[in-house]
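Right, one structure below, let's go through it.
Coordinate-derived values only; no laboratory data. It should be emphasised that the depicted structure is a prediction, and the values quoted were computed from it without experimental measurement. Every residue, glycine among them, receives a Cβ derived from its backbone with ideal geometry; neighbour counts consider all protein chains shown.
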Ligand SMILES: NC(=O)c1ccc[n+]([C@@H]2O[C@H](COP(=O)([O-])OP(=O)(O)OC[C@H]3O[C@@H](n4cnc5c(N)ncnc54)[C@H](O)[C@@H]3O)[C@@H](O)[C@H]2O)c1
């Protein structure tokens, strides 16, 4: 039995996390679920959006399924995601993007996995006004050789393990000669150790255009923090939006799985939330702990429900009249 922390989160979080746990249970996977709090609810109750008790539980189980969290604007609320990344050195942000039959989208046959460096670059927090009048602001991007190396290596190791054919390193080395230049240099060095994988590199602006014109050409992508942030959302848009986009934050010790979308306060408590993105995060978690067969079965059941299109939430089929619990049950029936 594997222990996993679950964080229901805010807004639609509790309903989609509950649906995911029930579906995983129906697959036969034996998980000891340990509840923990984070987000706005935790902040209102404990004065902390990420209480120490939650961090302690994650430290113990080393695995978490996290519902979306509401971040109030304009308060002293620290970002929970940033806090977790720092605490557990979750240096890989893994974002798979896959087409599903039956889901309206611009492209078919897309299967891209993006590795975003999660700890440095322009997200190092080194940002300030230079003058008192606040007419000049600066932000310092810190890129290090070891952190570049470990994210590129993670992408290639993933490619080998999952029988992927190609890794594309994305950069802006023509302009950012040191930060992005070093990332590209290190990336090419790492690539030489994987002759069985095709390697390619692209400048980020060209990459954005290529992803929109011909996304099928991409397989595994690896890039720095800011470029990865933008390109991973672009990738979700190619296959029908954030409702189907899972993500994982992974370090050497701890892994946290989540949906990419937020807490959707506009539809919270109405049984309207699509559970697919967090369910896909749940099957990433199952694969992470070696439960490949059960993960495959759940993914297939979800794909069948999406293809059929009658028992999916309204964001996917406005005429379905179906809510979170019905979509959940449709998936469970197929299991
Ligand atoms: N990982 C996270 O915890 C995370 C990520 C993004 C935003 N947020 C937070 O979530 C809150 C709301 O943010 P937002 O409104 O910008 O983005 P959002 O993703 O919550 O919602 C954007 C739109 O998509 C819809 N939507 C989102 N998820 C859906 C689902 N599963 N099923 C059906 N419809 C869905 C919403 O109803 C809304 O119309 C904010 O406080 C934000 O900070 C958290």
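Descriptive notes on the structure:
- Relative contact order %, the chain, counting alpha carbon pairs below 8 Å whose residues are six or more apart: 23 percent
- The stretch 81-172 - convex hull of alpha carbons, volume per residue in Å³: 184 Å³
- A quarter of the convex hull surface defined by the alpha-carbon atoms of the stretch 188-313 gives 10.5 nm² as the mean projection.
- The mean sequence distance of close C-alpha pairs (under 8 Å, at least 6 residues apart), as a share of the length of the stretch 105-198, puts its relative contact order at 24 percent.
- For the chain, DSSP calls about 45 percent of its internal beta bridges antiparallel.
- Straightening the chain between residue 189 and residue 128 buys 18.5 nm, computed as 0.36 nm per residue apart minus the Cα-Cα spacing.
- Least to most buried among 171, 288 (fewest other Cβ within 10 Å first): 288, 171
- When 312, 17 are arranged by Cβ crowding within 10 Å, least crowded first, meaning fewest neighbours, the order is 312, 17.
- Residue 140 versus residue 252: modelled label distance in nm, points set 7 Å from Cα along the beta carbon direction: 2.6 nm
- For the chain, calculated [θ]222 nm from helices alone, where every DSSP H run of n ≥ 4 adds -39500 (n - 2.57): -12500 deg cm²/dmol
- Note on the stretch 106-238: Rg/Rh from Cα positions, Kirkwood definition for Rh, rounded to two decimals, is 1.02.
- Among beta bridges identified by DSSP and lying wholly in the stretch 106-238, the antiparallel ones come to about 25 percent.
- Shape box of the stretch 20-155 [Cα atoms, principal axes, largest first, Å]: 60, 43, 34
- Residue 149/residue 289 FRET efficiency (R0 22 Å; Cβ-Cβ; nearest 0.05): 0.25
- Taken over the chain, the convex hull of the Cα atoms encloses 144 Å³ per residue.
- Extension gain for residue 109-residue 162 works out to 17.4 nm (0.36 nm per residue, less the C-alpha to C-alpha distance).
- Which of 329, 252, 131 has the fewest Cβ neighbours within 10 Å, and the rest in rising order: 131, 252, 329
- Working note: Debye formula, equal point scatterers on the alpha-carbon atoms of the stretch 30-84, no solvent; log10 I(q)/I(0) at q = 0.18 Å⁻¹ is -0.58.
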